[in-house]
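The values are calculated or read from the model by the stated rules, or taken from the named source; none is laboratory data. Source: prediction; values computed, not measured. Every residue, glycine among them, receives a Cβ derived from its backbone with ideal geometry; neighbour counts consider all protein chains shown.
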Amino acid sequence: MTEGDKEALAFIYRTWFPALFRYGMKLQPDESLVKDCIHDLFVTIWLSRERLSSTDSIKFYLLASLKRRITAQVQKSVLHSFEEVPETAAAAASPEDAIIKAQSSRELRLKLVKIMDQLPPRQQEILHLRFYEGFSPQETADLMDLSLNSSYVLLSKALSFLKKHSGGLKCILLLVIQLVHF
């Protein structure tokens, strides 16, 4: 495949698409998002075929890559939804309402940043790697030079701290916690 064989890529796509789709739908029940992420994954594989290294498990590689893509897309849409006001609501809302909504959104983000700053550096790092960078638990553990079990414990402590100190940010934290369990 690394030599640029289109037939090999097509075979991999046909073989693994059903499993990728089933797994993707468990992560995010949005059919079009899952299909887009699968197609983007294969486009990326094709475009970077010369730089691909060999893998012991193509299934693991594909599933892990798909999970990172879906998680990144979900995170983007969640963050985007906090920043955007729907056009219908914007048209019906007064300028004062828009200012109030923007201010409250800014305040929520500032509260979250304050809470995150209270975490020890290693807990901040694990949250960053898992949620902002989209690394898998094993990759995160490897990057932080931890065992997989230790990385789960560290992540659990960080999420428990956030949950305990979140106050009005529970809806944001609920989304983060849901992403961890996928």
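If a residue counts only when it is out of contact with any Phe, Trp or Tyr (no Cβ under 8 Å at 6 or more places or on another chain), over 20 Å from H165 (Cβ atoms) and modelled with pLDDT of 85 or more, which helices (runs of 4 or more DSSP H) contained entirely in the range 21-137 have at least 3 such residues? Let's see the steps before the verdict.
Numbers: elements: 31-47, 58-83, 87-92, 95-117, 121-127.
Ranges flagged: 31-47, 58-83.
Using beta carbons and a limit of 7 Å, which pairs, at least six apart or on different chains, have the first residue in the range 46-63 and of a type in the set (A, V, I, L, M, F, W, C) and the second one assigned to a loop (DSSP other than H, G, I, E, B) and surrounded by 10 or more Cβ atoms within 10 Å (Cβ to Cβ)?
What qualifies is L52/T2.
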